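Taking it in order: structure first as structure tokens, then the write-up.
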Number of protein chains: 2
Amino acid sequence: MIGVSVNGFGTIGKRVADAVAAQPDMSVVGVSKRSPNHEARSAVEAGHDLYAADADRLTEFGARGIPVAGTVGDMLSASDVVVDATPAGVGETYRDRYAEHDIDVVYQGGEDESVAPESFCARANYERSFGAEATRVVSCNTTGLARAVAPLDETYGVSSVEATLIRRGGDPTQTDRGPINDIVPDPVEVPSHHAPDLRTVMPDIDVTTTGVTVPATLMHLHSVTVSLDADPDASEVRERFAAEPRLQLITTASGCEGCADIQEYARDTGRPRGDVWENCIWADAIHVSDGRLTFFQAIHQQADVVPENVDAVRALAGTADAGESRARTDETLGVGM
Amino acid sequence: MIGVSVNGFGTIGKRVADAVAAQPDMSVVGVSKRSPNHEARSAVEAGHDLYAADADRLTEFGARGIPVAGTVGDMLSASDVVVDATPAGVGETYRDRYAEHDIDVVYQGGEDESVAPESFCARANYERSFGAEATRVVSCNTTGLARAVAPLDETYGVSSVEATLIRRGGDPTQTDRGPINDIVPDPVEVPSHHAPDLRTVMPDIDVTTTGVTVPATLMHLHSVTVSLDADPDASEVRERFAAEPRLQLITTASGCEGCADIQEYARDTGRPRGDVWENCIWADAIHVSDGRLTFFQAIHQQADVVPENVDAVRALAGTADAGESRARTDETLGVGM
């Protein structure tokens with residue numbers, strides 16, 4: 001049984017904690033939170049032991065009637081692996097503390113790649129983190145790209161990738177971010193940081209990415225062109241994608257015209273928090289001409305890295321190989337169902 | 001003096017009428033309007049003779065106190081060229097009437113390419129419409145692509161183009177169109193109709209386009225990758241673009257972070273209606289790697305075809321070659337200033 005703690009119980013942390021709790025080979029030692037807000041309360045209601053990020057804020061939790069089991073140090077002492085789900089850039093500041101506790105660490109993609117010896121996508125390079133002391137799960141967009149490109153590279157060979165990432169302005173609760181009624185190159189630099197980030201998990205891929213931010217909160221949408229070394233027809237590519245549990249083929253004929261339809265379907269089918277763990281690829285759009293494949297995929301920024309975090313825990317623990325881990329994660333969560 | 005009438009005084013028609021009125025070699029015979037609304041009133045206030053699209057609606061104009069000079073038939077009889085700016089698909093229904101009046105016709109990109117023997121972009125294929133009886137100015141997005149690709153093809157040779165068009169949901173007044181808080185593949189088919197449309201003016205270009213619609217009204221934004229036969233550096237491409245009056249280089253350093261900044265600048269500098277006739281290309285984003293050029297451009301959907309319509313009138317009239325016409329149009333309107 002791998003004892004896992006989750007440092008930071010926000011958008012990613014709360015989802016990872018629930019996903020870890022569903023694994024037969026893992027237990028949630030505890031979760032930590034800086035502020036005694038509604039998310040802290042929901043952690044307790046979900047049955048997680050809650051630890052305060054700061055000892056001097058313990059009384060604040062008490063004042064709000066939120067029971068706390070101790071502070072982060074106590075939590076780390078009792079864990080085999082910590083998933084760092086603190087805000088981007090904060091994980092780095094915890095590195096020394098994690099080392100003091102001699103604990104394995106899964107960082108998130110908001111950290112610089114130098115935070116850990118490896119970066120991680122379960123479909124692309126699980127083995128690189130096997131038995132390691134730390135790894136970094138790449139960001140939602142990079143995870144989405146790696147999942148789609150890895151099987152294409154294995155099956156057909158990929159000579160180059162060009163992707164335009166149409167990014168949501170913020171998550172549904174980040175209503176202060178914008179843009180309002182605008183389309184913004186973000187970043188304006190080409191390639192965007194997603195291209196070098198993809199190379200942290202697939203170092204041999206020739207990739208160019210551009211990013212554009214728009215007034216939407218639900219999902220990211222990628223328009224991707226992949227130059228293949230082979231020239232399969234579109235139906236072959238559809239079958240290839242369909243064989244990957246973390247790639248979900250959707251169609252406009254079934255009513256999935258945009259991201260909102262995908263999210264509605266996830267809620268209707270009882271997904272926790274309406275989460276979409278899979279890349280959603282429009283089957284109608286898959287197009288190949290002279291070995292140049294073009295497709296659209298939607299990426300749920302709050303959810304797609306959750307199964308990756310679970311797999312990363314197993315990789316560091318060294319208790320399962322990539323195929324075993326992915327299959328167990330997918331089955332327990334219901335990925336690809 | 002070329003006598004020009006404008007059939008349809010909506011988003012495009014009102015702009016074309018004003019642009020034609022500014023030309024030393026053209027006069028506005030009149031403009032026509034179906035509904036006696038505020039746009040009809042503004043036509044009269046702008047000094048245009050107004051004609052009613054339907055004889056049986058003449059009394060409606062009178063009842064609103066909007067003076068009318070006659071009906072469309074009267075207007076066409078007095079004109080050398082008509083610019084058809086009726087809604088998409090309606091232009092086709094006027095074709096027989098235009099033929100009866102033996103009048104040259106400029107159609108818009110909302111019509112099927114079969115409406116006229118040629119399609120038109122002043123930078124790409126002006127000569128094809130020289131002295132012809134009818135031509136079709138391609139749509140705003142296609143015009144934007146052709147203007148950027150034509151000089152690249154002449155200077156470096158273009159082997160292929162891939163463009164993701166992030167499309168505004170509607171014009172500022174089309175507030176019933178949506179999407180709201182969504183990112184929608186539109187059309188979901190790849191390539192989108194823009195690729196074959198570009199080939200109506202640049203038949204030899206290997207082009208793939210994808211379209212995505214977002215909750216914004218100001219401009220379209222293109223993320224474009226062009227595979228060149230040469231390998232210029234980014235600064236060379238910047239200079240090449242800068243030499244084209246209808247391509248405007250902008251920078252985030254100057255404060256142009258998104259489409260809203262571009263529009264604000266156009267209003268601040270006194271552009272009529274805040275119109276942006278040029279493709280706005282972010283100089284900071286221009287990137288070339290192994291002959292693969294990537295850049296962002298913003299396209300003002302209400303305005304970029306306006307100078308093209310003026311040039312199309314001259315092409316049909318056969319009174320100026322492409323360079324002369326573009327220079328005259330740009331100088332009178334202030335394009336590229």
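Each reported figure results from applying straightforward, stated rules to the coordinates on display, with no laboratory input. Predicted model only: the values in this text are computed from it and were never measured. Cβ coordinates were reconstructed from backbone atoms using ideal geometry, including for glycine residues, and neighbour counts include every protein chain displayed.
Worth pointing out:
- Condition check for residue B:45: exposed (fewer than 15 other Cβ atoms within 10 Å of the Cβ), out of contact with any strand residue (DSSP E or B) (no Cβ under 8 Å at 6 or more places or on another chain) and within 21 Å of residue B:312 (Cβ to Cβ): no
- Subset of region B:147-172 that is more than 8 Å from every other protein chain (Cβ to nearest Cβ) and closer than 13 Å to residue A:181 by Cα - its residue that is surrounded by the most Cβ atoms within 10 Å (Cβ to Cβ): B:167
- Yes/no for residue A:153 being without any contact (Cβ under 8 Å) to a residue 24 or more places away in the chain and out of contact with any Lys or Arg (no Cβ under 8 Å at 6 or more places or on another chain): no
- Qualifying helices (runs of 4 or more DSSP H) (wholly inside region A:79-140; at least 3 residues being within 18 Å of the chain's Cα centre (by Cα) and of a type outside the set (D, E, K, R)): A:122-125
Residue by residue, here is whether (1) buried (at least 24 other Cβ atoms within 10 Å of the Cβ); (2) more than 7 Å from every other protein chain (Cβ to nearest Cβ); (3) closer than 28 Å to residue A:178 by Cα holds:
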site: B:180; (1), (2), (3): no, yes, yes
site: B:199; (1), (2), (3): no, yes, no
site: B:210; (1), (2), (3): yes, no, yes
site: B:216; (1), (2), (3): yes, no, yes
site: B:223; (1), (2), (3): yes, no, yes
site: B:226; (1), (2), (3): yes, yes, no
site: B:232; (1), (2), (3): no, yes, no
site: B:235; (1), (2), (3): no, yes, no
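- Between B:264, B:257, the distinction of being charged (D, E, K, R), within 26 Å of residue A:181 (Cβ to Cβ) and surrounded by 18 or more Cβ atoms within 10 Å (Cβ to Cβ) belongs to B:257 only.
- Criterion violated by residue B:100 - all others in (1) free of Cβ contacts under 8 Å to residues at least 60 places away in the same chain; (2) out of contact with any helix residue (DSSP H, G or I) (no Cβ under 9 Å at 6 or more places or on another chain) satisfied: (2)
- Answer residue from region B:267-283, given it is free of Cβ contacts under 8 Å to residues at least 60 places away in the same chain and surrounded by fewer than 21 Cβ atoms within 10 Å (Cβ to Cβ) and is farthest from the other protein chains (Cβ to nearest Cβ) among those: B:270
- Residue tally, condition touching a strand residue (DSSP E or B) at 6+ places or on another chain (Cβ under 9 Å) and buried (at least 23 other Cβ atoms within 10 Å of the Cβ), over region B:124-133: 2
- Number of the condition not met by residue B:271 [criteria: (1) under 26 Å from residue B:19 (Cα atoms); (2) touching a strand residue (DSSP E or B) at 6+ places or on another chain (Cβ under 7 Å)]: (2)
- Number of positions in region B:237-250 that are within 14 Å of chain A (Cβ to nearest Cβ), part of a helix (DSSP H, G or I) and of a type in the set (A, V, I, L, M, F, W, C): 1
- Boolean, residue A:191 is touching a Phe, Trp or Tyr at 6+ places or on another chain (Cβ under 7 Å) and within 14 Å of another protein chain (Cβ to nearest Cβ): no
- Boolean, residue A:57 is surrounded by 15 or more Cβ atoms within 10 Å (Cβ to Cβ) and among the basic types (Lys, Arg): yes
- Test: residue in region B:127-137 that is more than 30 Å from residue B:61 (Cα to Cα), among the aliphatic types (A, V, I, L, M) and in contact with a Cys (Cβ under 8 Å, 6 or more places away or on another chain): yes
- Any hit, region A:194-215, residues being of a type in the set (Val, Ile, Thr), part of a loop (DSSP other than H, G, I, E, B) and within 17 Å of residue A:299 (Cα to Cα): no
- Every pair of residues 6+ apart whose Cβ atoms lie under 6 Å, when the first sits in region B:294-312 and is away from chain A (no Cβ under 14 Å) and under 20 Å from residue B:249 (Cβ atoms) while the second is among the acidic types (Asp, Glu) and surrounded by fewer than 24 Cβ atoms within 10 Å (Cβ to Cβ): B:303/B:275
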